[in-house]
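The values are calculated or read from the model by the stated rules, or taken from the named source; none is laboratory data. Remember, it's a predicted structure, so these values are computed and weren't measured experimentally. Backbone-built Cβ (ideal geometry, glycine too); neighbour counts: all protein chains shown. Each accessible area value is taken on the protein alone, full model and side chains, heavy atoms only, with ligands, DNA and RNA left out. Shrake-Rupley method; radii C 1.70, N 1.55, O 1.52, S 1.80 Å.
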2 protein chains.
Amino acid sequence: MEQIILKTPAARSDIYVGCPWKTVHKLLPRSGVAIITDDNVMRLYGDRFPPFPVFSVTPGEGSKQISVVEQLAGKLLDTGIDRSGMILAIGGGVVSDITGFLAAVYMRGIRFGSISTTLLSQVDASVGGKNGVNLGNVKNMIGTIRQPEFVICAPSMVVSLPEDEYLSGLAELIKTAIIGDSELFDTIVQDTDGIAERNETLLSAIIARAVRFKASVVAEDEHETGLRRILNFGHTLGHAIELTQKIKHGFAVASGMELATWFSFAKGFISEEEKGMITGILRHFRLTGTAMPCEDEMRRMISHDKKKAGSSINFVFLEGIGRATVMATGIDEIMEFYRNIHNSI
Amino acid sequence: MEQIILKTPAARSDIYVGCPWKTVHKLLPRSGVAIITDDNVMRLYGDRFPPFPVFSVTPGEGSKQISVVEQLAGKLLDTGIDRSGMILAIGGGVVSDITGFLAAVYMRGIRFGSISTTLLSQVDASVGGKNGVNLGNVKNMIGTIRQPEFVICAPSMVVSLPEDEYLSGLAELIKTAIIGDSELFDTIVQDTDGIAERNETLLSAIIARAVRFKASVVAEDEHETGLRRILNFGHTLGHAIELTQKIKHGFAVASGMELATWFSFAKGFISEEEKGMITGILRHFRLTGTAMPCEDEMRRMISHDKKKAGSSINFVFLEGIGRATVMATGIDEIMEFYRNIHNSI
């Protein structure tokens, strides 16, 4: 088991990778706890839940609505959860996004922790304190940044994920390697079989490595005014692809990363070899190759991007494998690149 | 004009008392601003608003709903307000509560400031960063604590408030004096005529004094884990009275303060003379004397109090004029006191 400590000016978050998830009993108070989960997780793991009231939401992105958070707050109130209480999220990214937001705003903030059940949430949503809900179909428009007290990542749960859910998480894991950890990238490239077979020891090691990198970035720039923006690599175009093509987050981000890699190459920031290695690993796991939205759709979607400031977007480029950089880039320039690519596919 | 600076570990808030409210022009960026107000304030002052898009809500507590915040977020998005933008609240407590919450959660937090148009909000809601909405009829259940960049308090607007609105704010101003500033208490007692006549110079001075005290408390304990709790003096029973009797906040708090003063006397914490002085000033301005909820209603209401921890409430007692203290007090003990008082009225 590895314990990674994320410290920010306001809070501390302890992330446990590779521990049995019943470890959670030691981290919870004896009373005043409520559990938020979704119906799938409840069905799979409900019999192992700690003995507290459980509120389960419908699985999927459709639950990331402010009305769902309001309903859950009403249930916490009815259950008698007060400021001294705690909320425990058990689930993937949707559950941790909703629960983190609920904990941030219920009675102006109460304690929370999470057990992360998917690879995607273990390497991404659970760590770093971003939470939130969608506004209509615009993703994560309403939310806060607030660190959970703890996150438990049990790779044993990753082993039993459906294939597309596993691959979706793998895309974010590969993202971490591409933007900040070339050794992790080498490990992934060298043991694609172990990854495909979901070797638990290997998974523990690479998840811990990805979490450690993310924690170091968040510790330096919790509120995303600088460095943290690199975590959005592949996400500007990826979010647009996710929403227009209605595919899983990781696959959309993978296509977004491929485009951002090509864009970096087109601007002369990376070599053809680096471009080839990145494209290669994404294709090896069949993460890319999805259909692309038309130009007008793409322009409309990125114009709503949270990373936008005026007519520019803080776009994440690569300068090599393991090195990312953020540059304010005109929406027109992004669209010109996209038009060329789109016409050539 | 007086400028009071509130510094917390995470933020700084500049509060300007007694300045013309067009000062706001200097504090706003040139573009990317949206104004949130209510229909009354819009009618009275709309012609003086800075030249930015305005979104107006229905006046009153009924607008403190999460659905209203969601609608406003949709309008900000449609207007193209992004993370580099700013929201300006112009109004009283309801407008600043909604706007502060909106600014805290829109795109995970954008800049905001406020022009405070009522006495109540100038001495209370606008300063200290508490924001939020109600959950059903339980007050302020959903919200955050986040400091506005600036607050402008123009006593000239206080002069034209309806009488009950003015008196409601006066109750919170007297609260500040009772819990933390015996000199302010003396000033109020010695110039009740000037206060009744709303002498603008006098108002500027006492508002600034009340704001300075509140800012000093918030600076020390932004998240209400200790000292800040004294600001809740009169609020445990006051909130219950406000909701069951449907009267204005300040009047309910005044009755709550009278009860808490009697409770402090009953426990031997203050003298009969001090009790008499506090009761006297509240009665002088006809702030108390409202009907009280029955015992069952009172118990139900305080059981939902945010200040509750288990079966106790952090109840604010007095130890003298200008000195408050917080003690975890059993709900049963509070109810026993209330029963005796209620039966003797």
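Scanning the range A:28-80 for residues that are without any contact (Cβ under 8 Å) to a residue 12 or more places away in the chain and either in contact with a Lys or Arg (Cβ under 8 Å, 6 or more places away or on another chain) or aromatic (Phe, Trp, Tyr) (or both) returns no hits. Once the range B:104-127 is narrowed to residues that are assigned to a loop (DSSP other than H, G, I, E, B) and of a type in the set (Ser, Thr, Tyr), the residue that is surrounded by the fewest Cβ atoms within 10 Å (Cβ to Cβ) is B:118. Residue A:303: touching a Gly at 6+ places or on another chain (Cβ under 6 Å), modelled with pLDDT under 95 and not acidic (Asp, Glu), yes or no? Answer is no for this residue.
Inspect the range A:248-258 for any residue being modelled with pLDDT of 95 or more and surrounded by fewer than 17 Cβ atoms within 10 Å (Cβ to Cβ) and give the result as yes or no. Within the range A:248-258, none of the residues are modelled with pLDDT of 95 or more and surrounded by fewer than 17 Cβ atoms within 10 Å (Cβ to Cβ).
Among the residues making up the range B:5-16, a single one is modelled with pLDDT under 95 and either open to solvent by less than 30 Å² (accessible area, probe 1.4 Å) or among the aromatic types (Phe, Trp, Tyr) (or both): B:8.
Rundown of residues vs (1) over 27 Å from residue B:214 (Cα atoms); (2) at pLDDT 95 or above; (3) open to solvent by less than 70 Å² (accessible area, probe 1.4 Å); (4) touching a Ser or Thr at 6+ places or on another chain (Cβ under 7 Å), yes/no style:
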residue	(1), (2), (3), (4)
B:291	yes, no, yes, no
B:316	no, yes, yes, no
B:326	no, yes, yes, no
B:329	no, yes, yes, yes
B:340	yes, no, no, no
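Kindly provide the set of residues from the range A:46-65 that are within 22 Å of the chain's Cα centre (by Cα) and closer than 20 Å to residue A:86 by Cα, ordered by number. Those that are within 22 Å of the chain's Cα centre (by Cα) and closer than 20 Å to residue A:86 by Cα: A:56, A:57. Screening residue A:38 against (1) under 26 Å from residue A:210 (Cα atoms); (2) open to solvent by 40 Å² or more (accessible area, probe 1.4 Å) leaves a single unmet condition, (2).
Just one of the numbered conditions (1) open to solvent by less than 20 Å² (accessible area, probe 1.4 Å); (2) of a type outside the set (S, T, N, Q); (3) in contact (Cβ under 8 Å) with a residue 40 or more places away in the chain is not true of residue B:238: (3).
Would you mind finding the one in B:53, B:29 that is assigned by TED's automatic domain parsing to the domain that holds residue B:116, modelled with pLDDT of 95 or more and open to solvent by 30 Å² or more (accessible area, probe 1.4 Å)?
Of B:53, B:29, the one residue that is assigned by TED's automatic domain parsing to the domain that holds residue B:116, modelled with pLDDT of 95 or more and open to solvent by 30 Å² or more (accessible area, probe 1.4 Å) is B:53.
Could we say that residue A:127 is in contact (Cβ under 8 Å) with a residue 40 or more places away in the chain and either within 14 Å of chain B (Cβ to nearest Cβ) or closer than 19 Å to residue A:214 by Cβ (or both) here? It would help to see each step written out before you state the result.
Working: in contact (Cβ under 8 Å) with a residue 40 or more places away in the chain: yes; either within 14 Å of chain B (Cβ to nearest Cβ) or closer than 19 Å to residue A:214 by Cβ (or both): yes.
Criteria met by residue A:127.
The condition (being within 30 Å of residue A:84 (Cβ to Cβ), within 14 Å of another protein chain (Cβ to nearest Cβ) and β-branched (Val, Ile, Thr)) is satisfied by just one residue among A:133, A:211: A:133.
In the range A:307-336, the residues that are assigned by TED's automatic domain parsing to the domain that holds residue A:263 and on the phi > 0 side of the Ramachandran plot reach residues that are open to solvent by less than 50 Å² (accessible area, probe 1.4 Å) and of a type in the set (D, E, K, R) with C-beta atoms within less than 7 angstrom, at least six apart or across chains, in these pairs: A:320/A:274; A:322/A:181. Within the range A:83-103, the set of residues being part of a helix (DSSP H, G or I) and open to solvent by 10 Å² or more (accessible area, probe 1.4 Å) comprises A:93, A:94, A:96, A:97.
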